[in-house]
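Here's the structure we're looking at; comments come further down.
Please treat every number below as a calculation from the coordinates, not as lab data. What you see is a predicted model, and the numbers here were worked out from it, not measured in a lab. We place every Cβ from the backbone using ideal geometry, glycine too, and count neighbours over all the protein chains shown.
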Amino acid sequence: MKTYVITLSKRFPAGHRRAGDLTFFHEKLANALDDAEATLTVDDADDTPIQICDWKIHTMRVNYPLWEKRIAEVERGEACLSIRQWMGKPYHSKQTEIARLTKEDGVGIQKVEITNDFSECIIGGQYYNYYDVAQNDGLHPADWLDWFNAHDFAKPMAIIHFTKFRY
């Protein structure tokens with residue numbers, strides 16, 4: 001079976017206003033896959049317990065046509081998604097798998113277009129406030145805007161769903 005890799009960032013990237021801070025995407029994905037608003041306790045660099053109550057039910061990626069083909073294979077049962085996280089510095093460290101998802105998990109894809117003023121996302125012909133999309137992506141809306149502010153939205157992006165949720 002083919003395996004397609006999606007790597008989630010452990011920390012906010014350079015250039016982001018929160019560069020270096022933990023994203024907790026791993027924990028938020030675990031919450032989403034458990035289909036509950038479960039609370040996980042993780043330890044940060046200071047060993048201070050932190051409760052994570054948010055979820056990450058999807059990720060957004062460039063190159064919609066490429067991901068559309070890949071996710072179609074997953075939906076047909078011909079491939080799976082390996083969701084991974086860098087152990088250290090991105091592209092300079094090993095990755096660890098945090099989830100392996102198949103069609104049974106509800107993996108799917110939707111095309112998303114972002115309006116010029118970033119206020120709305122167009123998904124399946126419907127308009128959604130970016131706030132809702134950001135939260136489902138595991139980000140505070142201000143962090144989501146900062147994450148994507150340098151992106152060229154002339155081409156649609158892919159929302160890759162980790163669960164059966166769809167807009």
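Using alpha carbon centroids, what distance separates the range 1-25 and the range 83-158, in Å?
Each part's Cα centre sits 11 Å from the other's.
Sort 109-121, 82-94, 132-144 for me by packing, meaning the mean count of neighbouring Cβ atoms within 10 Å per residue, highest on top.
Final packing ranking: 132-144, 109-121, 82-94.
Given the pairs K94/K164; K10/K94; K10/K103, which span a C-alpha to C-alpha distance of over 23 angstrom in this model?
K94/K164; K10/K103
Please name which of I6, Y131, N149 has its Cα lying farthest along the dipole of the range 2-161 towards the positive end, using unit charges on Cβ (Lys, Arg +1; Asp, Glu -1) and the Cα centre as origin.
In the range 2-161, that residue is I6.
Using unit Cβ charges (K, R positive; D, E negative) and no other charged atoms, how large, in debye to the nearest 20, is the dipole of the chain about its Cα centre?
Approximately 760 debye in magnitude.
Once phi is turned into ³J(HN,Hα) by the Karplus curve 6.51 cos²θ - 1.76 cosθ + 1.60 with θ = phi - 60°, what whole-Hz value does each residue of the range 76-87 show in order, with x for glycine and proline?
Using θ = phi - 60°, the values come out as 7, x, 9, 8, 9, 9, 9, 8, 10, 9, 5, 6 Hz.
Pairs of Cα atoms under 8 Å, at least six residues apart: use those to get the relative contact order of the chain, whole percent.
Once normalised by length, the contact order is 26 percent.
In terms of the Cα gyration tensor, with a ≥ b ≥ c the square roots of its eigenvalues, is the range 70-167 rounded because a/c is under 1.5, prolate because a/b exceeds b/c, or oblate?
oblate
In the range 63-104, which GluC sites (Glu not before Pro) fall in coil by DSSP and have 16 or fewer other Cβ atoms within 10 Å?
Filter output for the range 63-104: E78.
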